[in-house]
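Below is one structure, written out as structure tokens; the observations come after it.
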Amino acid sequence: MPDARLIEMHPWDAQQHEDALAHLERLQEMLDALRSTLPVLVAPLLQQDTSRPQMFVTIKKAAAAATNDLRTFRDKWTSERTQRILSHSQESFLRDGDLAKANDVARYGWLKEDQ
């Protein structure tokens, strides 16, 4: 429920909104990619014809890649830019808690080819 206190918020222009949506879409893509982490780690264990040393190397590489991907996601999530977007969203919600307008906003398609 929106808070009754008045929040001082600077209005964003359309470009700032689009940039924020693109940033959040990029975070969503990173999070979606992290969902395959456990299957990738377990896959070498399921291969019958793989030697133990090869299995170890494969799992080690997958674990290192997963660690780097998770670290990158965490850094982006805790970045000042993301926190500013989330703070702006919270302030906007406190001013107008009607989320029905969000139904008209596309969920994907905010990333541009050069991003």
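The values are calculated or read from the model by the stated rules, or taken from the named source; none is laboratory data. Small disclaimer: the values here were computed from a predicted structure and weren't measured. Because the Cβ atoms are built from the backbone with ideal geometry, glycine has one as well, and the counts that use them run over all protein chains shown.
Evaluated against (1) under 20 Å from LEU24 (Cβ atoms); (2) part of a helix (DSSP H, G or I), ALA106 falls short on exactly one condition, (2).
So that you can scan it fast, the table gives a plain yes or no per residue for (1) touching a Ser or Thr at 6+ places or on another chain (Cβ under 6 Å); (2) modelled with pLDDT under 95; (3) more than 28 Å from ARG107 (Cβ to Cβ):
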site	(1), (2), (3)
ASP32	no, no, no
PRO44	yes, yes, yes
GLN48	no, yes, yes
SER51	no, yes, yes
GLN54	no, yes, yes
THR67	no, no, yes
ARG71	no, no, no
ARG74	no, no, no
TRP77	no, no, no
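Taken over region 30-60, the criterion of being surrounded by 13 or more Cβ atoms within 10 Å (Cβ to Cβ) and either in contact (Cβ under 8 Å) with a residue 60 or more places away in the chain or farther than 23 Å from THR78 by Cα (or both) is satisfied by VAL40, LEU41, ALA43, PRO44, THR50, MET55, VAL57, THR58, ILE59.
Whether any residue in region 48-71 is under 20 Å from ASP13 (Cβ atoms) and either in a helix (DSSP H, G or I) or of a type outside the set (Gly, Ala, Ser) (or both) is what I want to check. The answer is no, given that none of the residues of region 48-71 is under 20 Å from ASP13 (Cβ atoms) and either in a helix (DSSP H, G or I) or of a type outside the set (Gly, Ala, Ser) (or both).
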